[in-house]
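The values are calculated or read from the model by the stated rules, or taken from the named source; none is laboratory data. Everything numeric here is computed off the predicted structure, so don't read it as measured data. Methodologically, a virtual Cβ is constructed for each residue, glycine included, from the backbone with ideal geometry; neighbour enumeration extends over all protein chains shown.
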Amino acid sequence: MRDLKACDTLFTGMVAAKALGTALTGTVVIDAEEDFDWNNPVQGTENSTAHMKNVRILGPLLAAFRIIPTYLLTYPVLEDPEVVAILRRQLDKGQCVLGVQLHSWVTPPLDGSASSRRSFLGNLEGNLEEQKLTMIKARF
């Protein structure tokens, strides 16, 4: 087991998790996001969610190993009805957990002031970030 003391300054009071049984345990979190130009990840960048249809293959593969992934969805993914239907079927079968993540450059309202710096959470004005979080929550 890894020594956690090095992390004490960042996460005070950390205690190593104890296994509930003899089987290995872990969490799989997947950034389920639009494909875009990572060299220019700001508003106006073309994006696609076509690759997300591959969760049709990934879901059953993970299920075969009794792994239940958590998919963190972005606004463009939530706007793709085919992908949403695939994920909903997996969710209904208990094969995944769903959450959201905010990509500010593709989540309305788009105010035209996008920049690399403003693409990171906490760098937006509070009211704009709240509006974006409200939009993605409503879509979810």
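General observations
- Residue count for the stretch 90-104, restricted to those that are within 15 Å of the chain's Cα centre (by Cα) and either part of a loop (DSSP other than H, G, I, E, B) or of a type in the set (D, E, K, R) (or both): 5
- Reported count of residues in the stretch 62-83, each being surrounded by 18 or more Cβ atoms within 10 Å (Cβ to Cβ), free of Cβ contacts under 8 Å to residues at least 60 places away in the same chain and within 20 Å of residue 47 (Cβ to Cβ), is 5.
- Residues satisfying the stated conditions in the stretch 80-95, i.e. of a type in the set (A, V, I, L, M, F, W, C), out of contact with any Phe, Trp or Tyr (no Cβ under 7 Å at 6 or more places or on another chain) and closer than 18 Å to residue 51 by Cβ: 83, 84, 85, 86
- Qualifying residue in the stretch 69-77 (condition: outside any helix (DSSP H, G or I) and in contact with a Ser or Thr (Cβ under 8 Å, 6 or more places away or on another chain)): yes
- Residues being in a helix (DSSP H, G or I) and free of Cβ contacts under 8 Å to residues at least 60 places away in the same chain - total across the stretch 116-140: 12
- Test: residue in the stretch 34-57 that is within 14 Å of the chain's Cα centre (by Cα), in a helix (DSSP H, G or I), of a type outside the set (Asp, Glu) and buried (at least 16 other Cβ atoms within 10 Å of the Cβ): yes
- Filtered residue count, the stretch 86-124, keeping only those that are over 17 Å from residue 138 (Cα atoms), loosely packed, with under 13 Cβ neighbours inside 10 Å and of a type in the set (Gly, Ala, Ser): 6
- Any hit, the stretch 14-27, residues being under 30 Å from residue 89 (Cα atoms) and modelled with pLDDT of 70 or more: yes
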